[in-house]
Structure formats: C-alpha cells, structure tokens
Amino acid sequence: MDNVLDEWNTEILKQQIEKQEEHGGTTSLVTEKKMMPVCFSIPSSCFCFGQVRRIILHRDIALKIKNLNENLDEIAKQRETYNFRFTERMISEQPEREKTSSFVDESIIFGREQQKEVLVSKLLNESSQEERGLLVIPIVGMGGMGKTTLAQLAFNDENVKACFGIRIWVCVSDPFDEMKIAKAIISGAKAVSPNSDELEDFFQCMSESIKGKKFLLVLDDVWTEDQRKWDRLKLPLIQGGAHGSRILVTTRKQEVADMMGAPTRTIYLERLSEQNCLSIFNSMAFYNRDKDGVLEAIGEEIAKKCKGLPLAAKTLGSLMRYKKTRKEWQEVLNSKIWDLEEVEQQVFQPLLLSYFDLALTVKRCLLYCVIFPKDHLIDKDYLIELWMSQDYLYSKGNTEKEIIGQRCFDNLVMRSFFQDFEEDDNGNIWRCKMHDIVHDFLQFLTLNECFTMEVKGGNNTIKPLGDKIHHLTLMLAPKGPLSCVSFFGHKNDLRTLATFDSKFTIVVSTLILQLKHLRTLKLSGNSIEEFPEEIGELVHLRFIDLSENYGLKKLPKALCNLYNLQTLRLNMCWKLESLPQSMGKLINLKHLYVGGCFELKYLPKGIGRLTNLRTLGGCPFGSGKDDNEAFKLGDLRNLDQLRELWIKIVGEVKVAAGEGEKGSPLENKQQLSNLIILIVWEDGERSAEILNFLQPHPNLECLVIKAPNAIIAPNWIMSLNKLRHVSLKRCEVLPPLGKLPSLETLWLWEMKGVKKVGVEFLGMEKETSSASSCITLFPKLKRLRFLFMEAWEEWKEEDPNITIMPCLSSLGFYSCPRLKTLPNFLRKTPLQTLNIEDSPSLARGCEEGRGKEWPKISHIPNITIRGKFSGSNFEDEGEAIVEAEDDV
C-alpha cells in the first residue's frame, strides 16, 4: 500500500514542479512542508493536471488500489476460515525470563578474574564520598556476556562474605515488582513478611530487617528506567542499612545505570578472548571424557564463532558434548549458527528479551542493521540516513527525523546492541560495530526479508530470490557487470540493494527496471564509470551512495527526476566532472556529499533552490563559470536549513555586485553547527577577504579552516561564543582564541609563520596581562594539538597569577622540531595525556628524570614520546576529506 501512496504523492509533486518551472519559478519550488502527502484518502478534484495525463494517472492508481482491496479481501476470508482473532501481544507470549540464584560453579568460568578483582575492590573499599552510607554499583553488558556470573563470583568471594553481615540475592527481571523485591529482601534478611497487601508495610518491614546492619544486596537483571520506583525502593534501604552497605545491579541497559546515579562506578563487561572462549567450550564439550586431537582442532574453530560471548561458548560446548564423531563436529562447524536449535533456544533467548523491550520504531531500525556485513564499521550519520530512506523514523510533531534517528541510535547503544565505539573529540560516538552473535540473531529474525549473497567467481548474475525479500546485500563481487536473470520472478518488492567489497563495473539497465520499488541504493566502492538513464524510473529512491567509484565521470540527467531523493553521496568520485543542471528539482534532498571529487569545479545553479538541504559537503567555488550556470557563494543565502557545510575554494572567487552590502551568506543560518572552509590557492590577502565574507552565525560549534598564507585570521572568530572545536591550518598568525568561552578542542596545523606563542594567542594585551589575575583563559579547553609547526621556537611564559587552561586533559606536539621548552602553567593543569612525536628538541627536554622540562610534566600519568609522526588520531570524516584534497 505504501508503494501506491508513494507513487501518487510523487506524481502530484512532479506535476507541481513542472508547472512552476513552466511559469519561470526559479527561487523556490514546492517543499515537503507545503505539500501534505496522501495517507489514506485520495482526492482528485483539487489537482489541475493535464486532462489526459490525469485520467491515465487515476486509472493506474485505481487499478493498483483494486488489487490491494482484492488482497485484503482474501486475507479477511482466510482469517474467517481459520478463525484467526485480532489480539495484542501479551507478556506471556514473550520468551520466558530465566530465574537466577547466587550459586555458581567457578570451575567452568574463565577470563573474568580481573573484572572480579575490580568489582570486589569497589564493594570493599570505603569512600568518604559515599551517599549516606549506600553505594550502587551497576554491571552493564549485552545478554549472554556474563553479568550474572560476575555478580555471583563477587557475591561468593570470601572477603565479601566477611565484610557484609547480610548478603541478599534478588532476581528482579521485568516487570520491576516492588512488593516482590521487598519480600525477597525481607526473606534474605531472615525476617518474616507482614500479613498485609500494603507496599508501605513491606517497606517498613524491609527497613527494620536490615536496620543497623551492613548489607550487600544484588539486584540481578534490572530493566526498569522508572526513577520513581527506584527511589521508593532505595529510600528504606538507605534509612535501614549501616554505613558501607552496597547494592550491586546487573542490567543490559545503560539507562538503568544512569537512572541509579552511578555512571562513574559502572563496570562494563567486554568480550572474552578467543582463548578464554575456547577454555569454556572445552570444559563443556570434553566434560568427563578424554580430549581428541582431531575434535580439539575442529572445536577451536567452532569456539571462534562465539566471538567472545561466554553464553555462546557454553551453549556450543554443551551441544558438542554428545557428538562423538568428526563428521558431527564438522557439520556444526560448517552450519550457520542460527540454524542450531540449541543456539536459538539458549543464546538467542536473552537477545530476544532485549529485542522485545524495544519500541517498534527502534526494533525496525535494529533489524535493518543486518544489511551490513559482520565486523563492518558502521557510521552513525550514514546509518540514520539509511533509516530515513526506509521511512522508519516517524515523527508526530515537528521533530526532525535526524533527531529521532539519533535517539534510536542512542537507545541501541544503551541496550548494548552496538560495540567497539569510536568517538570524536567531543566524546560523541560516530562509528561502531555490531557483535557477530547479535548479527546472527538479526539474520535469524529477518530470514525471509533480508538476504546476503556472496557473488563468487566471475558470475555476477543474481540468482532468483524469494518474493518476500525486501533488502539484498551483495558481497565480494569481482569486476564485471551487475546484471540479472529472473531476478525476483513475478513479484519484485526490493527496497534495498547494497554492495560491499565489490567491484562491479556497470549497472545493467534491465536490472534497474526491475527495481521499481527501491528506496535505498548503495553502490559505493565499486568500479562503475557510468550509470544508466533508467535510474530516473525509480521514483521511490530516497538514498543513493556512489562514493569511491573513482572512474565515474558524470551522472545521468534522469537522476533529477527522483523527487523523493533525500541523500546523494558522491565522496571520492575522483573523475566526476559535473552534476546535472536540473539538480534544483530534487527538492527533498537533505544531504549532498561531493568531497574528494577533484575534477568537480562547480555545482549547478539549481542547488540554491534546495531549501531542505541539511548537509552540503565539499561544495566547490571559483571555477570561473557563468553566474547563470554555477552555484555561487551568494546562493548559499537561501539554504537556511544547513547544519553542516564544507566549502572548497578552487579558484578566484568574485563577490557579485551588491552581495557585500547584504552581508555574509552564512550569518543568518542559526542551524549551522559545523563549517569547513578549504582554500587551495596561495593568495593570503584574498584568502583573508573570503574568510571575512563567510562569517557564520554565532551558534556555530565546529570550525575547520585551511587557508594558505592567510595574513590574519577571520575577524569574526572571537564572536563565536558557542564554538567547541577549532582546527586551523596554514594560517600565518595565531588568532587570540583564549577568551572563547566554550572552546574544548583546538588543533593548529602547519603555521609556517609562527615562531612564538605568547599573550596574543591567549587573547590578552601585553600591557594588561599582569593585572588580569582574575581572568581565566581557555576556560574549557580539554584537548590541544600542534602539528607540523616547523618554525615554532618558543612558547612564552606568562604571568603565574593568570589561570590558563584549567580543564586541559590532552596535549600533543607533532613535528615541532625547533620547540625546546614548555610553559610553567602546565604544572597546574589536570593533564592526563601528553604526546610528543617527531619533535626531537622537546623530546630531549622531557626525558624522564633528567630533562629540563620534566618537572613541568611529571604529574601527567600518560606520556608518549615517539620519533615519528603518526596520523592515526585524526578520524573525522570532514578532516579526512580536507586532507585528501590537500594531498592531491
């Protein structure tokens, strides 16, 4: 049904766009805010199309609606025939939650010794900062990771037994039943529960049963995030228990740890090593029998499938205990893990509980992650754009879908569905991976809807697939055409086509014509040099990624007929020379990426009409093209929804007559948070002029500038009071950044004219510095890096009464060969990390115990001194593209 409605809405949109173009409308076209999409009814009298075209459209839609009605009638008949009833999913239908106890067999536990020591230490150590005698310690991890086991180990530790007069174990699970928990605590304290139905009576009895006693309470498998329930339970425990009492909580949800006010005391369980997994596997598989060399070798490979998950190792080991022959073991090794009944019943059980706890929208978003291969590094923003393309991110109000997507991502992070996080300099997760067992679990749930195929050998023809497959991933395809024979039989409802680690050279047009319902097309990293015009037939497309097709020179004009397109990714298409002139018709486009397209010298004029754009990455200016053809700096003025903007100045930029009087084209963009400006020519004076013309709104948070030989920094930089991240490259002078109140991260690159860093950099005048002891400079700066500062010789000492960088935690010097000394104020900073690379003079001065600079840095716990520069710390996508542009 959604396909039919989508086609109707698209046709309406197409007619309106064509009508406005016929009447010479160039400043703006219909936007999603001006057109209410059809959801249930389909009115026809309110649209003035051409008569013939309208009749044809109505006929086509009517036929499709007729078919839908026939299908619904057939479903209704079958419901009556088989006496199906409408019903809501009941809690009883969900997987049964296993009850736990405090007893544990330590002989089959491996790899948790260190975590046990840490946990026992937290339980036993007294702290002057304890909150009224009761400390909460959460253990967080995905299902099957061993949270309960770790709690059992600590609970039964002899030192813990000696420390706590009362030890109580409660299996909480879901729902969070306060009465049940109170009864369990009373019973564990060897008291008698009251003969009452009032919660107050149970809480009173619970508090009395532990009064004056130092207790350890384990709450195993907590799910609730209800602060009120937690506070009601905790208060009588605080009032009753003695100082030093502890509550140990196991949970899969980070939100639970946060709700309990214990994020800094949380223990996060990580995967076990392969060796520890193998030890668990062997202890179960070879229980009460001699080891067999052949079976051991196979078992080692089977254990690798567990990917560090203890429950999986235990389950597979138990399965193999009753298999005696090499053939039986080999069958398990060669099988897909979700085909094993024991895995489905035991390993997937805890994951199912976590899955059922998710909201419907988050469930759909999680299931879609199965399109990525195992061990794939998932970009958060990329993933959110994919979710948007499938219309998973529904909003009742005005909340943007990107924000809803961020919430869904955070929710999945909090529930331990993702791991191996990579964070930006502000501590925000921007890339992650998914555990292989979680991936197997999702494949199990989406078996009839998602399909991953390895295209082996030289045969790139896709085999026939089932009618219900909606999302197809192709992997490891060698060079050759992406074609099809009997792709989906009589019914094709494919919504996603994605390739990974493939080298397709051409997309055959007959394949495109079979993908009429496609919403997401990911063909990045292939060897495609041209794309068929038939792409314009795929009216449902929301997302296209052709990045890293290095030989792709142009895009088909028909691309501009994709009125629903939201994301177009073309990063690193090195030979791409131009975009279609009618790009202005893509009025729903929100994200356009063209970074690293070295032959692309300008964007078409119509880009200025795309008022829904949130991201414009790698936008080139200065090609010399006529104003009527090329998108100019002044055209940015209309794009008020921009959040991220990457500008590349490739040649002489002339500000059109009257543009200067209008002010900066960026100054009214209140939503703009990230701005990258890359200038590739060497005229320092003109660079400064352009930078000053591009003054952003004060709401800007991240600024990256590469401006070779710019004589001065932009005069507006000190007005950006919300600026958190700054990266400046190849400027001639250091701007006075010390008074920026929100600055947290600062990178300074290749400033060849800088020989001395002093009061100007701090944002103070020389004559006033000694009288400014009450001023704090760089008040929030946490991370500071100097890179390739080849002429820099001196970091000048300042007045010791001035407070400088009181929050600095990380400092790095990379290829600063002439710098010899460090300022004294570093002694007073809370530095945790110091990196010195390829800076020999400074390295000698910082030699431990002997160097002259050592007293200034001896308080820093993590000091790394290397002789060669390493660039592995700079992972940000925008920075990476700037660097790639620079290298070429």
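The values are calculated or read from the model by the stated rules, or taken from the named source; none is laboratory data. Computed from a predicted structure; not experimentally measured. We place every Cβ from the backbone using ideal geometry, glycine too, and count neighbours over all the protein chains shown.
Structure values in brief
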| quantity | calculated |
| --- | --- |
| Among residues of segment 546-558, those that are in contact with a Pro (Cβ under 7 Å, 6 or more places away or on another chain) and assigned to a loop (DSSP other than H, G, I, E, B), counted | 2 |
| Close pairs from segment 610-628: first closer than 21 Å to R686 by Cα, partner buried (at least 21 other Cβ atoms within 10 Å of the Cβ) and of a type in the set (D, E, K, R), Cβ under 6 Å, at least 6 apart | G618/K648; P620/K648 |
| Identity of the residue in segment 216-243, among the aliphatic types (A, V, I, L, M) and in a helix (DSSP H, G or I), that ends up farthest from D174 (Cα to Cα) | I238 |
| Counted residues, segment 378-414 - those being part of a loop (DSSP other than H, G, I, E, B) and crowded, with 20+ Cβ neighbours inside 10 Å | 2 |
| Candidates N699, N668, N692, filtered to the one that is of a type outside the set (A, V, I, L, M), in a helix (DSSP H, G or I), under 21 Å from L633 (Cα atoms) and modelled with pLDDT of 85 or more | N692 |
| Number of positions in segment 324-376 that are outside any helix (DSSP H, G or I), over 17 Å from the mean Cα position of the chain (by Cα) and either surrounded by fewer than 16 Cβ atoms within 10 Å (Cβ to Cβ) or modelled with pLDDT under 85 (or both) | 7 |
| Residues of segment 520-545 satisfying the condition of being within 13 Å of S502 (Cβ to Cβ) and in a loop (DSSP other than H, G, I, E, B) | L523, S524, G525, N526, S527, I528 |
| W230, sole failed condition from (1) within 27 Å of K116 (Cα to Cα); (2) among the hydrophobic types (A, V, I, L, M, F, W, C); (3) in contact with an Asp or Glu (Cβ under 9 Å, 6 or more places away or on another chain) | (3) |
| Residues of segment 719-728 satisfying the condition of being touching a residue at least 40 places away in the same chain (Cβ under 8 Å) and either among the polar types (S, T, N, Q) or surrounded by 23 or more Cβ atoms within 10 Å (Cβ to Cβ) (or both) | S727 |
| Enumeration of residues in segment 225-249 that are of a type in the set (V, I, T) and surrounded by fewer than 20 Cβ atoms within 10 Å (Cβ to Cβ) | I238 |
| Unique residue being part of a strand (DSSP E or B) and either at pLDDT below 95 or under 36 Å from the mean Cα position of the chain (by Cα) (or both) when the list is F813, F825 | F813 |
| Where L153 falls short, out of the listed (1) at pLDDT 90 or above; (2) within 19 Å of P310 (Cβ to Cβ); (3) more than 35 Å from the chain's Cα centre (by Cα) | (3) |
| Pair list, Cβ under 7 Å, 6 or more apart: segment 813-838 residue more than 18 Å from V757 (Cβ to Cβ), other residue of a type in the set (D, E, K, R) and assigned to a loop (DSSP other than H, G, I, E, B) | E837/K868; D838/K868 |
| Criterion: in a helix (DSSP H, G or I), modelled with pLDDT of 85 or more, buried (at least 17 other Cβ atoms within 10 Å of the Cβ) and not acidic (D, E) - qualifying residue of F444, F451, F417 | F444 |
| Complete set of residues in segment 402-416 that are among the charged types (D, E, K, R) and closer than 17 Å to T615 by Cα | E402 |
| Number of the exception - F356 against (1) under 30 Å from P175 (Cβ atoms); (2) touching a helix residue (DSSP H, G or I) at 6+ places or on another chain (Cβ under 7 Å); (3) of a type in the set (F, W, Y) | (2) |
| Every pair of residues 6+ apart whose Cβ atoms lie under 8 Å, when the first sits in segment 292-312 and is closer than 11 Å to L333 by Cα while the second is part of a helix (DSSP H, G or I) and acidic (D, E) | A303/E274; K304/E274; K305/D436 |
